Amino acid sequence: MNWSSFSDFLAMGGYAFFVWMSYGVTALLVVAEVAWVVRQRRQSLARARIQRNIREWSSP
Amino acid sequence: MAIHWFKYASPASFYGLAGRLAPWFAAAAAVATLVGLYIGLVLAPTDFQQGDSYRIIYIHVPAAWIGMFTYLVMAGWAAAGVVFNTRLSGMMVQALAPTGAMFTFVALWTGAFWGRPTWGAYWVWDARLTSTLILFFLYIGYIALRASIDDPRRADRAGAVLTLVGVVNIPIIYFSVKWWNTLHQGASVKPGSSSMATVMLAGMLVMAFAAWMYTIAVSLVRVRAIIVEREQHSAWVGELLDARAPDDAPGTSGGVAGSKGEKAR
Amino acid sequence: MAVLRRDLLLTLRRPAELMTTLFFFVIVVSLFPLGIGPQPELLREIAPGVLWVAALLASLLALPRLFAADHADGTLEQLALAPQPLSLSVFAKLVAHWLTTGLPLTLLAPLIALQFDLPASATGVLVVSLALGTPIFGAIGAVGAALTLGLRGGGVLTAVLVLPLYIPALIFGAGAVEATLGGLEASGHLSLLAALTVFTLAFAPWAAAAAVRISLD
């Protein structure tokens, strides 16, 4: 273990701003991308379903 | 063997394969991220020269590697698309690009926040940073080209040509930027170039592995969405929709549920 | 050859387009002293980069001329169906394009260099480097222009696709002039630039032909 306390860990030896800006923005981007991909997947299925319903209703 | 591979080159069968594989890659990414962060942020000692600012290395270097590597993989798919004329190839290139661009951006961003304490400036025209910036431009070019072509088949083929032209140019760009950099005697300090402790190297490699697995997981889920979108009129998508519960409960698909584990990051 | 002759004639019949590109070059270059200040040492120092970037932008603006009109009137489709390989026709178009864009820019450059108080040796290297570099702009640009044929926002899109790929040529070309200014030998830069020109001219027409076919489908 490299840190004596949790606040010590957060302080990052005085480089807290740089380290946490790097890790924070990376985490944010990863979370955003995962959310985007999940949404993309759900939308693709929903759209395919709508298209199919349109086809079924329009054909006798 | 060849027959086996070409079977999965059809979007319909790749859809199933990707769905089965994605959760495993997502799980591997989540586990590796946790292990890598534990090694990098908790176990690894403070660097005697740079203090704790060096800990940015655990995302900066893996992001730069994966950003570069993803472009090469894209070019590989693009070449396969040109040679074998498979529809899946273009879809894979399309699915990989956003994640590659994201990692390239992360490499630039963390490079800036590492550069400030190390070089005293957020941006220096260091050869590696500059090449990464140009790589980011190449990703933006691909995404912009795709976005302005409505016909997906034309977008696939145009994107393949652009990606291949880009990948041929990457070594030239890298060499020219390096040459330019040495002539102008820019910042030649290489943080972390001194002999690295084994723990640090291990943390970096584990994080690179995590980023790699993450890229595979995300692009597999994304390619599934692209496949459904493009093949919505085909019979197999209709069967797929029939097989699923009528109300599409979120998280029912393995790929989606698995990649949620990434939020631990 | 017929393509080359035809393209040359068409461009020469409308000299206004050609002149606009050249004026653009002159105007952009003249903006820099106005924006930065007229100190001769400073101007001499930035001259290689400024002249090269301005020539690059002027070449970029001329790119739509390469295919757009032929695409609109169907000539491009005929070329694609013609017995001779399309890459050869593209190469002929590139030569015609260079003769009406790259070459005039190269010849104009020493005149503009006077504004920046560039010494004669550096001006000579500037001319040689532009003569070697402008074909690269045309050849790589042809790929970008062909890929974006008929797309909305074509011009800006071409710039985004093509500009990152121009960087090596810019580095070697401007670097050659800069080396001469610094009293160094420019031959290293120039030979690398020449190698790049040969390499680009060997592969780009082929890629541009593929891109033209994709856009015609």
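The values are calculated or read from the model by the stated rules, or taken from the named source; none is laboratory data. Because the structure is predicted, anything quoted here is derived from the model rather than measured. Note that each Cβ is placed from the backbone with ideal geometry, even for glycine, and that neighbours are counted across all protein chains shown. Note: accessible area is taken over every heavy atom of the protein model, side chains too, but ligands, DNA and RNA are not part of it. Shrake-Rupley method; radii C 1.70, N 1.55, O 1.52, S 1.80 Å.
Counting every Cα pair in the range B:110-171, what percent are over 13 Å apart? Walk me through the numbers before you get to the answer.
Details: 1268 of 1891 pairs.
Counting every Cα pair in the range B:110-171, those more than 13 Å apart make up 67 percent.
Take the accessible area of B alone and of A alone, subtract that of the pair with a 1.4 Å probe, and the total buried over both chains is about 4100 Å².
Rolling a 1.4 angstrom probe over the range A:6-58 with all protein chains present gives an accessible area of which 69% lies on carbon and sulfur atoms.
Normalising by residue count, the range B:22-229 has a Cα convex hull of 120 Å³ per residue.
Calculated FRET efficiency, B:Val42 to B:Tyr122, Cβ-Cβ distance, R0 = 41 Å: about 0.90 to the nearest 0.05.
The calculated Kirkwood hydrodynamic radius for chain A is 15.5 Å, given to one decimal from all distinct C-alpha pairs.
Suppose all protein chains stay in the model; what accessible area per residue would a 1.4 Å probe give for the range B:36-159, in Å²?
On the way: 4390 Å² over 124 residues.
Dividing the accessible area of the range B:36-159 by its residue count gives 35 Å².
Could you estimate the translational diffusion coefficient of the protein assembly as shown from the Stokes-Einstein equation, with Rh from the Kirkwood formula over C-alpha pairs, at 25 °C and 0.890 mPa s, in whole µm²/s? Could the numbers behind the result be given before it?
Values: Rh = 25.8 Å.
Approximately 95 µm²/s, per Stokes-Einstein.
Couplings 3J(HN,Hα) for the range B:11-18, derived from phi with the Karplus relation 6.51 cos²θ - 1.76 cosθ + 1.60 (θ = phi - 60°), are x, 4, 7, 5, 4, x, 4, 4 Hz, where x marks Gly and Pro. Evaluated at q = 0.16, 0.17, 0.20, 0.22 Å⁻¹, a Debye calculation over the C-alpha positions of the range C:90-196 (equal weights, vacuum) places log10 I(q)/I(0) at -0.75, -0.83, -1.04, -1.15. Principal axis extents of the C-alpha atoms in chain C (largest first, rounded to whole Å): 55, 33, 29. Converting phi to 3J(HN,Hα) with the Karplus coefficients 6.51, -1.76 and 1.60 and the offset θ = phi - 60°, the range B:101-109 yields 4, 5, 5, 5, 5, 4, 4, 5, 4 Hz in sequence order, with x at every glycine or proline. Grouping the Cα pair distances of the range B:1-133 into 10 Å bins from zero gives a pair-distance distribution of 11, 30, 29, 18, 10, 2 percent in increasing distance order. For the residues B:Asp150, C:Asp7, a 1.4 Å probe over the protein chains yields an accessible-area ranking, largest first, of B:Asp150, C:Asp7. Highest average first, the peptides A:4-11, B:218-225, C:16-23, C:47-54 ordered by how many other beta carbon atoms sit within 10 Å of their residues are B:218-225, C:47-54, C:16-23, A:4-11. Inter-label distance, C:Ile36 to B:Glu239: 6.7 nm, where each label sits 7 Å from its Cα along the C-beta direction.
Using Cα-Cα distances under 8 Å and only pairs 6 or more residues apart, what relative contact order does the range C:3-161 have, in percent? In percent, rounded to a whole number, it is 33.
What the phi angles of the range C:131-136 give under the Karplus curve with 6.51, -1.76 and 1.60, with θ = phi - 60°, is a coupling list of 4, 7, x, 4, x, 5 Hz, glycine and proline written as x.
Residues of the range B:128-147 with the amide nitrogen closer than 14 Å to a label point 7 Å from the Cα of A:Leu28, along Cα-to-Cβ, please. No residues fall inside that zone.
Can you put C:Glu77, A:Glu33, C:Glu185 in order of accessible area, largest first, using a 1.4 Å probe? Mind dumping the intermediate values first?
Details: C:Glu77 100, A:Glu33 15, C:Glu185 145 Å².
From most exposed to least exposed: C:Glu185, C:Glu77, A:Glu33.
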